[in-house]
Amino acid sequence: MGLTSQSSGLSLLKDKFNISKKSEEQIVIALAGNPNTGKSTLFNYLTGLNQHTGNWPGKTVANAQGSFKYKDKEYLLVDLPGTYSILANSVEEQVARDFICFGHPQITIVIADATCLERNLNLVLQIMEITDNVILCLNLMDEANRKGIKVQTHKLEKDLGIPVIPMVARDGVGVHILKDTIEKIVEGEIQPNPYKIQYDNNIESLVREITEHLPEYIREKLNARWIALRLIDGDSSILKSMREFLLINESMETEQSGNMSRDDF
Ligand SMILES: Nc1nc2c(ncn2[C@@H]2O[C@H](COP(=O)(O)OP(=O)(O)OP(=O)(O)O)[C@@H](O)[C@H]2O)c(=O)[nH]1
Ligand SMILES: [Mg+2]
């Protein structure tokens, strides 16, 4: 039973991330991106809300969440803090990383500034290492056009292996295509296949070694390759997050988790 399964998923969302689903059927979507790329603008456009988003002060998380409906499906949109990376160098980065990794949103939208794509793609590649269901929105296309910047959207889509949607969120341009793409991913009509970075042989063999030693419980529930990469990078915060995740999960899934406990880390 995966974490997206309703029994554990709901409590994990509530206990760790303070996210309340209105119903079990609601599909959770994370909205990530660099600061100032139009996340709030898109969030407000989709949800009809009018709030300043990205308010995640440390451990007392007051997140922004809103819902929308499209073709009879209910979606819960979670706005993540604006970050340039999710390598957990700051509280914001850790919050964004933990939600994408442990909160298991069914889809993660990354909203990028089309006028400085190179910098924005860093975060996109990092998120693609954690999860497959990623959509890239190229926002501020009006600004890009004004500056004479042309983006080869289809080539980018092919190279990244995920849907890429040009957007002017301020005017709602591209939002319908986004909703349609979300729906097609949920229905399985679109299956993103993100490009995965291959590291040099030393790192790849370490990744294999670490993944083999990760407990089966973790391998089933989380992206073992990504966890191994973070451990190789010396990121001790991932251990803390995994412990927390196990603690919550243990209390909810005592029977399913069997003998496995956080003390195994
Ligand atoms: N020209 C243009 N401006 C936009 C577009 N989308 C958003 N903006 C503007 O860009 C600015 C930043 O938008 P926000 O939605 O606040 O960006 P954000 O990503 O939530 O920013 P942080 O929360 O600070 O990370 C605002 O002034 C928006 O009006 C767009 O498509 N075109
Ligand atoms: Mg914002």
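Some points to look at:
- Condition met for TYR199 (out of contact with any strand residue (DSSP E or B) (no Cβ under 6 Å at 6 or more places or on another chain), without any contact (Cβ under 8 Å) to a residue 40 or more places away in the chain and among the aromatic types (Phe, Trp, Tyr)): yes
- Taken as a whole, the structure places ILE182 among residues that are surrounded by 15 or more Cβ atoms within 10 Å (Cβ to Cβ), in contact (Cβ under 8 Å) with a residue 60 or more places away in the chain and under 24 Å from LYS71 (Cβ atoms).
The rows are residues; the columns are (1) farther than 22 Å from TYR45 by Cβ; (2) away from ligand 1 (no atom under 16 Å from the Cβ).
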{"site": "ILE149", "(1), (2)": "yes, no"}
{"site": "ILE162", "(1), (2)": "no, yes"}
{"site": "PRO166", "(1), (2)": "no, no"}
{"site": "ASP171", "(1), (2)": "no, no"}
{"site": "GLU187", "(1), (2)": "yes, yes"}
{"site": "ARG208", "(1), (2)": "yes, yes"}
{"site": "LEU214", "(1), (2)": "yes, yes"}
{"site": "LYS221", "(1), (2)": "yes, yes"}
{"site": "ARG225", "(1), (2)": "yes, yes"}
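Quick grid of which residues meet (1) surrounded by fewer than 20 Cβ atoms within 10 Å (Cβ to Cβ); (2) touching a Ser or Thr at 6+ places or on another chain (Cβ under 8 Å); (3) without any contact (Cβ under 8 Å) to a residue 40 or more places away in the chain; (4) farther than 28 Å from TYR199 by Cβ:
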site: VAL95; (1), (2), (3), (4): no, no, yes, no
site: CYS101; (1), (2), (3), (4): no, yes, no, no
site: ILE107; (1), (2), (3), (4): no, no, no, no
site: VAL110; (1), (2), (3), (4): no, no, no, no
site: THR131; (1), (2), (3), (4): yes, yes, no, no
site: GLU143; (1), (2), (3), (4): yes, yes, yes, yes
site: ARG146; (1), (2), (3), (4): yes, no, yes, yes
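- Looking only at residues in region 231-241 that are in a helix (DSSP H, G or I) and touching a residue at least 60 places away in the same chain (Cβ under 8 Å), the one that is farthest from the chain's Cα centre (by Cα) is SER237.
- One residue stands out in region 156-179 among those that are more than 16 Å from ligand 2 (Cβ to nearest atom) and among the small types (Gly, Ala, Ser): the one that is surrounded by the fewest Cβ atoms within 10 Å (Cβ to Cβ), namely GLY172.
- Selection from region 209-221 of residues that are surrounded by 13 or more Cβ atoms within 10 Å (Cβ to Cβ) and either more than 30 Å from LYS69 (Cβ to Cβ) or without any contact (Cβ under 8 Å) to a residue 60 or more places away in the chain (or both): ILE210, THR211, LEU214, PRO215, TYR217, ILE218, ARG219
- Annotation: of all residues in region 67-81 being at negative phi and touching an Asp or Glu at 6+ places or on another chain (Cβ under 7 Å), the one that is surrounded by the most Cβ atoms within 10 Å (Cβ to Cβ) is PRO81.
- THR153 being surrounded by fewer than 21 Cβ atoms within 10 Å (Cβ to Cβ), at pLDDT 95 or above and within 10 Å of ligand 1 (Cβ to nearest atom): no
- Helices (runs of 4 or more DSSP H) lying entirely in region 1-119 (those with 3 or more residues that are modelled with pLDDT of 85 or more and away from ligand 1 (no atom under 11 Å from the Cβ)): 91-102
The values are calculated or read from the model by the stated rules, or taken from the named source; none is laboratory data. Only a predicted model underlies this, so the values are computations on that prediction, with no experimental measurement involved. Every residue, glycine as well, gets a Cβ built from its backbone with ideal geometry; the counts of neighbours run over all protein chains shown.
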